[in-house]
Amino acid sequence: MIEIYITSENTLTKLDELVEGCWVKLTNPTATELLDISNVTGIDINNLRAPLDEEERARIEVEDNYDLILVDIPTLEKRNDKDRYVTIPLGIYLTENYLITNCLEDTPILSYFSDGRVRNFYTYKKTRFILQILYKNASTFLQHLRTIDRKSEEVERKLHISTQNRELIELLELEKSLVYFTTSLRSNEVVFEKMLKLEKIKHYPEDEDLLEDLIIENKQAIEMANIYTGILSGTMDAFASIISNNQNIVMKFLAAITIVLSVPTMVASFYGMNFVNIPGGDHPHGFLIVTLVAMLVTIIIAVIFKKKKLF
């Protein structure tokens, strides 16, 4: 899908064709749409396809007639009726007349601009617009990281009363999301450091300050992701040990019960054999005596196990 926007008189307007100073928003474009944009702007078709590959790495490329900035952005996907955080590429193309973005999904990061919810946003100030997009991306990473932290606390509370693995699997999914975020944030950091060396990114006086703020925001997101990853990993290890220990306690209790109950079973088995002279067999109260002795031995063994804390 192709959407074209331009800022005129502080108002964002949607257009039907490309004009100088416009923003071209590509969302999961078709091959025909990519070819049309390539012919009009002169951008290499392979570079236009790059953000459509989920495994594409973040990078910055400077060509003769355009620049490519490829970064990773966070997104939310559903898997088994559960939310899962992953990252996908976002391509930003800077040409002499146009600014073009290309992404697999209609991400909230770009919708924030296309819906007109950003102050001091002008499509013709292309370098500042790029920095505003990247700053919004770093802020979105921070928001998702806080959400992941809250979800991990909820799962942790459930683990206090659970002996199943379902909650541990949820924590594992959150840990995987943090790994994706950490890797993507570090890749983005390399791109931002390279942008500091590009003079064409600093067309306006406040752009350099915005770029520095962007790098600081990204570093903060990296630190938060590392902290949450360490906490989550330690929590998983602790609760995995707790669940394993609870299972051991149950098995120990069942083993002790089995031993205690085996005493009357053995006595009954011995006296059930077809021998002629069974001790106490001729006594009128033999059955009662044998039963009481078996119960007494069982109680003694149970008391001993209790003192040894096997119950």
Contacts under 8 angstrom Cβ, first residue in segment 253-272 being surrounded by 14 or more Cβ atoms within 10 Å (Cβ to Cβ), partner outside any helix (DSSP H, G or I), 6 or more apart | Ala256/Leu310; Ala256/Phe311; Tyr271/Ile278
Odd one out for Arg49, checked against (1) within 17 Å of Met195 (Cβ to Cβ); (2) of a type in the set (D, E, K, R); (3) modelled with pLDDT of 90 or more = (1)
Under the condition of being in contact (Cβ under 8 Å) with a residue 40 or more places away in the chain, among the hydroxyl-bearing types (Ser, Thr, Tyr) and not in a loop (DSSP other than H, G, I, E, B), which residue from segment 111-146 is nearest to Leu94 (Cα to Cα)?
-> Thr127
Only residues in segment 296-307 that are at pLDDT below 80 count as the first member; pair them with residues that are surrounded by 15 or more Cβ atoms within 10 Å (Cβ to Cβ), Cβ under 6 angstrom, at least 6 apart or cross-chain, and list the lot.
-> Phe305/Ala256
Please state which of the following conditions Asn277 fails to meet, knowing it meets all the rest: (1) polar (S, T, N, Q); (2) loosely packed, with under 11 Cβ neighbours inside 10 Å; (3) at pLDDT 75 or above.
-> (3)
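Residue check: is Asn188 in contact (Cβ under 8 Å) with a residue 12 or more places away in the chain, touching a Pro at 6+ places or on another chain (Cβ under 9 Å) and either surrounded by 20 or more Cβ atoms within 10 Å (Cβ to Cβ) or of a type in the set (Phe, Trp, Tyr) (or both)? Walk me through how you get there before you give the answer.
Numbers: in contact (Cβ under 8 Å) with a residue 12 or more places away in the chain: yes; touching a Pro at 6+ places or on another chain (Cβ under 9 Å): no; either surrounded by 20 or more Cβ atoms within 10 Å (Cβ to Cβ) or of a type in the set (Phe, Trp, Tyr) (or both): yes.
Spelling it out, it is not the case that Asn188 is in contact (Cβ under 8 Å) with a residue 12 or more places away in the chain, touching a Pro at 6+ places or on another chain (Cβ under 9 Å) and either surrounded by 20 or more Cβ atoms within 10 Å (Cβ to Cβ) or of a type in the set (Phe, Trp, Tyr) (or both).
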Which of the residues belonging to segment 115-148 are charged (D, E, K, R) and farther than 25 Å from Asn97 by Cβ?
-> Arg117, Arg146
If you take the residues in segment 51-79 that are farther than 17 Å from Ile133 by Cβ and not charged (D, E, K, R), which one is farthest from the chain's Cα centre (by Cα)?
-> Asn65
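The values are calculated or read from the model by the stated rules, or taken from the named source; none is laboratory data. Computed from a prediction, not measured in an experiment: that's the story for all the values here. All Cβ positions, even for glycine, are placed from backbone atoms using ideal geometry, and neighbour counts span all protein chains on display.
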